[in-house]
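The values are calculated or read from the model by the stated rules, or taken from the named source; none is laboratory data. Given the structure is predicted, the values throughout are model-derived calculations rather than measurements. Please note: Cβ atoms are built from the backbone with ideal geometry, for glycine as well, and neighbour counts cover all protein chains shown. These area figures cover heavy atoms from the full protein model, side chains too; ligands, DNA and RNA do not enter into them. Shrake-Rupley method; radii C 1.70, N 1.55, O 1.52, S 1.80 Å.
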Amino acid sequence: MKIKISDMLDTTDGFDLELPEEGMVSAEKIKEVTMKKIHDTQGVARRGRRISKAGVAAIVAAAVLALSGAAYAVSQWTGFASTEGLTDSQIQALIDSASLTSSQGVDTEGNVTYYDENGNELFTLTAEEATAYEQGLIEAQEQAVRDSATLVDVDTMDMVPTGITELAVGENGSFEDFIISNGHMVIFYPEGSQGYDLKAGDTVTLALTTDEACYLAYGLIQDSVATECDVVQTAEQSYTFEIPEDGSYCFYIIYYSAGADAFTGGSVTVN
């Protein structure tokens with residue numbers, strides 16, 4: 001069964017929303033764009049076909065997305081960042097930003113008001129609009145994740161990651177240092193190829209180091225099908241895969257801890 005992104009975020013209760021600091025969207029502007037989208041949708045719909053209330057609410061969500069560029073996330077970045085060339089303070093600032101979340105409040109009539117991480121009011125939606133808005137954000141994010149992946153069929157996974165980064169591994173087995181946040185997936189593949197050509201019984205060790213103990217899921221990918229192998233909690237992360245059958249393989253991690261962590265000295269060793 002698929003687990004929605006909202007089920008993966010262990011840092012918050014309910015729905016978290018990030019909006020850009022500039023270009024905030026007014027309720028009037030949302031309504032203006034919403035009505036235009038409804039009108040345009042009716043214009044291209046088959047004769048006699050009507051837009052349901054849920055459809056209208058989904059259009060509201062699409063309008064807010066289009067106006068604000070909002071992303072369903074718990075941080076001010078995409079969930080992955082290379083740390084090459086960054087200072088320690090810049091790396092720490094990225095890690096800290098993963099805990100900056102916005103919030104929402106519900107009045108007695110069920111209307112939902114959204115606030116940024118500083119407590120500033122963003123906009124208010126009815127309960128129905130808010131439900132569709134949040135669901136629309138989740139579905140849009142999940143589809144964006146599917147569209148971004150070239151090495152894995154996301155629908156073969158038990159859950160949809162918050163994001164996917166495909167990271168090339170050099171001939172010496174090393175790869176760049178990076179930061180990832182909750183729910184993000186990193187796929188390791190050999191530079192210049194779509195996968196490692198391996199034989200049954202081969203072993204592959206994926207090693208990573210971080211400053212604090214964290215939860216990482218380790219898995220392998222064969223023919224775009226992902227298999228999760230284990231979840232490990234430690235700071236000196238190292239996991240050895242035993243290849244089950246001949247084929248082309250990639251390997252991945254998913255960060256399951258809250259917030260974010262920086263990883264250094266990573267390597268993939270094939271034996």
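For a quick protection proxy, order the peptides 199-207, 185-193 by their average other-Cβ count within 10 Å, most packed first.
Values: 199-207: 14.6, 185-193: 18.8.
Ranked by mean Cβ neighbours within 10 Å, highest first: 185-193, 199-207.
What list of ³J(HN,Hα) couplings, whole Hz, do you get for the range 154-164 from phi and the Karplus terms 6.51, -1.76, 1.60, once you set θ to phi - 60° and write x for glycine and proline?
Listing the rounded values in order: 4, 6, 8, 9, 6, 9, 8, x, 6, x, 10 Hz.
Once both labels are modelled 7 Å past Cα along the beta-carbon direction, what's the THR240-VAL225 spacing in nm?
Placing both labels 7 Å along Cα→Cβ, they lie 2.6 nm apart.
To the nearest Å, what is the center-to-center distance of the range 119-156 and the range 188-248, using C-alpha atoms only?
For the range 119-156 versus the range 188-248, the Cα centre distance is 29 Å.
Roughly speaking, to the nearest percent, how much of the range 113-216's 1.4 Å accessible area is carbon and sulfur? Write down the numbers at each step before the final one.
On the way: 1800 of 4490 Å².
Of all accessible area on the range 113-216, carbon and sulfur atoms account for 40 percent.
Grab the beta carbon distance between THR156 and ASN111, set R0 = 41 Å, and tell me the FRET efficiency rounded to 0.05. Walk me through the numbers on the way to the answer.
Working: r = 40 Å, r/R0 = 0.97.
About 0.55, to the nearest 0.05.
Describe numerically, in nm with one decimal, the distance between label points set 7 Å from Cα along Cα→Cβ at GLU121 and at ASP96.
So the two model labels end up 3.0 nm from each other.
Pop a pseudo-label 7 angstrom from the Cα along the beta-carbon direction at both SER82 and ALA200 and give the gap in nm to one decimal.
Once both label points are built, they end up 3.9 nm from each other.
Report the semi-axes of the equivalent ellipsoid for the range 112-213 in whole Å, largest first, where each axis is √(5λ) for an eigenvalue λ of the Cα gyration tensor.
In descending order the semi-axes read 37, 18, 11 Å.
Ranked highest first by average number of other Cβ atoms within 10 Å, how do 104-116, 237-249, 169-181, 125-137 line up?
Values: 104-116: 13.8, 237-249: 16.2, 169-181: 18.0, 125-137: 19.8.
By packing density, highest mean first, the sequence is 125-137, 169-181, 237-249, 104-116.
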